Amino acid sequence: MSAVELSFFLEETLVKCGGFGVFQLLVVGSLCLGEISTAWSILMMTFGGAIPNWSCEWGNQTSNIVHINGTQEQTCRPPSNYSDLSCLRKVFDPSLNTIVSEFNLVCDLDYITQTITTIQMGGLLVGSLAAGQFGDRFGRKPTYFLSLLVLLVSNLIAAFSINWQMFAVMRFFIGCGCGIYLTVHLTYKIEFVSGKYRPMLLAVPIWSIFAASYGGVSYLVHDWFYLHIATAAVTFPQLFTWWFIPESFRWLVANDQVEKAEEVIRKIAKFNGNPFPDTSRLKMLVKSLPQDNNNYTYFDVLKNPDLLKKSIFLAVGW
């Protein structure tokens, strides 16, 4: 029963520190702001992959431009009676600058935009799988800030892509950053908040709010380059919260770092104006747990029928 006792003790300690005091409000608010980077990054291709109005400048073998009256726009082939002409240059509507117009991704290259989105979601899968292991082994805090750093650097480099191949590679890394964030941020937040307030925290539609804000920004800024710069710009200030947001004290306790966990508890209590709760039983409860030095991986989930069944049900639910 030591694990159960430890869980109750940590919950009780958190309540004494202030279950959802000023400290938790600031920490949760800071962590929620990270979702703006993720939402904007994931949704970028909804604008970036849009096809502006365009037309061909048709020409003959001598490269002379031939004007064809009544030719429909966005056609990759000339009319049948002009079969000797070829599309010398594609002219895009200048009011909408997307990766389609930037890299001429129409006609025989029109599949590229969907491929880039698929590559991005592949990165999200890789990032999610890696973050689960990384967050458990190295801590919630470094994993969370790693996601912000990846999103900042990848969005910044993506803005200066010189071809669609480079852009696709950067979208993969952006997907990785999103996957890392989405895996760790919720666990990181709720480990600072007492059980009474967790359902309320989960009910706040942070994603919807920031997704709507991206719609507003893309309505005003019709350029994929500046949208990437804007995403990097809103991510940069969040890195400075490293010096305010501590490591999860629950993770510290689980990894036998009791002294550091007590420092975090002291910080929470002091910030909330509460006395430091008695943690004298903490070391005893941690030492009473059975020692387990195994480094668990996803293969352990596959080998455990009960965990595998629950994981499959959760995956279907998501």
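Numbers below:
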{"quantity": "Rounded percent of accessible protein surface that carbon and sulfur make up, the chain, 1.4 Å probe", "calculated": "63 percent"}
{"quantity": "Cα pair distances of the range 1-52 binned at 10 Å [whole percent]", "calculated": "20, 24, 22, 18, 11, 5, 0"}
{"quantity": "For the range 263-318, alpha-carbon Rg relative to the globular expectation (2.2 N^0.38 Å, N residues)", "calculated": "1.86"}
{"quantity": "Tensor-based shape of the range 218-300 (alpha-carbon gyration tensor, a/c under 1.5 rounded, otherwise prolate or oblate)", "calculated": "oblate"}
{"quantity": "Accessible surface ranking that places the most exposed of K270, K189 first, with a 1.4 angstrom probe", "calculated": "K270, K189"}
{"quantity": "For the chain, Cys with no neighbouring Cys Cβ under 4.7 Å", "calculated": "C17, C32, C176, C178"}
{"quantity": "Difference of contour (0.36 nm per residue) and Cα-Cα distance, W318 to S280", "calculated": "9.6 nm"}
{"quantity": "Prolate/oblate/rounded label for the range 135-229 (Cα gyration tensor, a/c 1.5)", "calculated": "oblate"}
{"quantity": "Selected from N97, N163, N304 as most flexible by GNM, with the chain as the system and alpha-carbon contacts under 10 Å", "calculated": "N304"}
{"quantity": "Protection-proxy order for peptides 199-210, 121-132, 150-161, each taking the mean of Cβ atoms within 10 Å per residue, highest first", "calculated": "150-161, 121-132, 199-210"}
{"quantity": "The range 77-188: translational diffusion in µm²/s, Stokes-Einstein, Kirkwood Rh over Cα pairs, 4 °C, 1.567 mPa s", "calculated": "81 µm²/s"}
{"quantity": "Accessible area of the chain divided out per residue, in Å², using a probe of 1.4 angstrom", "calculated": "55 Å²"}
{"quantity": "0 to 90° range, to nearest 10: angle between helix 164-190 axis and the chain longest Cα axis", "calculated": "20 degrees"}
{"quantity": "Helix 22-48 axis, angle to the chain major axis (alpha carbon atoms, nearest 10°)", "calculated": "20 degrees"}
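The values are calculated or read from the model by the stated rules, or taken from the named source; none is laboratory data. Model, not experiment: these values are computed from the prediction. Ideal geometry is used to build each Cβ from the backbone, glycine not excepted, and the neighbour counts take in all protein chains shown. In case anyone asks, the SASA skips ligands and DNA or RNA and just uses the protein heavy atoms, side chains included. Shrake-Rupley method; radii C 1.70, N 1.55, O 1.52, S 1.80 Å.
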